[in-house]
Amino acid sequence: MAANNRRMSGKKGAQVGSGGQRRRGLEGKGPTPPAEMRKGHKKNRIATAKAKQAARRPAARGRGGKSASELVVGRNPVYEALREGVPATTLYVQQFIDNDERVREALQLAAERGNINLMEAPRPELDRMTNGLNHQGLVLQVPPYEYAHPEDLLDAAADEGEDPLIVALDGVTDPRNLGAVVRSASAFGGHGVLVPERRAAGMTAGAWKTSAGTAARTPVARATNLTRALEQYKKAGVVVVGLAADGEVELGELEALDGPVAIVVGSEGKGLSRLVGETCDFRVRIPMPGGAESLNAGVAAGIVLYEAARRRA
């Protein structure tokens, strides 16, 4: 009888007091992560090696018509950038990252795009890439923006058989204002936005996000010298209109908006620079019965673009 008990005790099967271990073992563990995220997979080893190479490579410098590449760091910023359609080439994910809801959503958005590389990298590599910023295990690489040439904006209007409607920014350094202007230009039939190469906002991830995707179809041109570019516009028959709180002409009285026009918006604090102001054919003020001293660049450009679109309709 004792021998029989020993044989029975060696049998496999659920034991009393197992605590439901078999049931938990049958539960799903969620969707299978991409090959690049699975440790030991060939694609994971390749992605890790590429991430290390990218971390050691110096940041690219903008040349000609391109800006420098940019990194968006942190779980919420990366998720927001992906959700808003900011262009991206690579999403770096920290090895052994705590896979919370934000991380899963970012990975899902990147996978849905289909053209974003997923690379797993150890934390020290991400620390090195971001110069020690609090990346929280997620880093998104935004490619350099390819700026148009100032003359391309005139060509865009000619291709559509329309009078040019262009917005130029003078001394506007907030990328969100640039993005807002791009969005307004797209909404009211503008043919592009012109920015100076130095001391001005560029098409960063923040500008892309504020533009709500319109930057993909509204070109942004960059001029080495804004005054010279505006003078070239004037030679091409474009009327240059500068916005100024003390402008001699009120917006509603400006007939030039009916034809080819470049609207120049200065910074909220300093307004138009001296040389740019002297280049303008008209200095125009926006009536503000509420008593506000000034408007930010995005709002001011939107008001004038609406007036121009209304007259051209």
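The values are calculated or read from the model by the stated rules, or taken from the named source; none is laboratory data. In this text the structure is predicted, and so the values were computed from the model without any measurement. Here the Cβ positions follow ideal geometry from the backbone for every residue, glycine too, while neighbour counts run over all protein chains shown. The area values use the complete protein model at the heavy-atom level, side chains included, leaving out ligands, DNA and RNA. Shrake-Rupley method; radii C 1.70, N 1.55, O 1.52, S 1.80 Å.
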- Note on the structure: Scanning region 65-114 residue by residue, those surrounded by 14 or more Cβ atoms within 10 Å (Cβ to Cβ), in a loop (DSSP other than H, G, I, E, B) and out of contact with any helix residue (DSSP H, G or I) (no Cβ under 9 Å at 6 or more places or on another chain) turn out to be 65, 67, 68, 69, 74
- Answer yes if at least one residue in region 164-182 is of a type in the set (D, E, K, R) and either modelled with pLDDT of 95 or more or surrounded by 24 or more Cβ atoms within 10 Å (Cβ to Cβ) (or both), and no otherwise. yes
- Task: Answer with yes or no whether residue 305 is touching a residue at least 12 places away in the same chain (Cβ under 8 Å), within 17 Å of residue 240 (Cα to Cα), open to solvent by 50 Å² or more (accessible area, probe 1.4 Å) and part of a helix (DSSP H, G or I).
- Result: no
- Message: Which pairs turn up if I take residues in region 201-217 that are part of a helix (DSSP H, G or I) and look for partners that are open to solvent by less than 40 Å² (accessible area, probe 1.4 Å) and of a type in the set (Gly, Ala, Ser) with beta carbon separation below 6 Å, at least 6 apart in sequence or on another chain?
- Response: 205/81; 207/179; 208/215; 210/179; 210/180; 214/186
- Task: Name every residue in region 234-260 that is open to solvent by less than 40 Å² (accessible area, probe 1.4 Å) and either in a loop (DSSP other than H, G, I, E, B) or closer than 24 Å to residue 174 by Cβ (or both), in order of residue number.
- Result: 238, 240, 241, 242, 243, 244, 247, 251, 254, 259, 260
- Message: For region 284-302, check the following and say yes or no: at least one residue is outside any helix (DSSP H, G or I) and closer than 24 Å to residue 228 by Cα.
- Response: yes
- Task: Test each condition in (1) assigned to a loop (DSSP other than H, G, I, E, B); (2) in contact with a His (Cβ under 9 Å, 6 or more places away or on another chain) for residue 126 and report the one that comes out false.
- Result: (1)
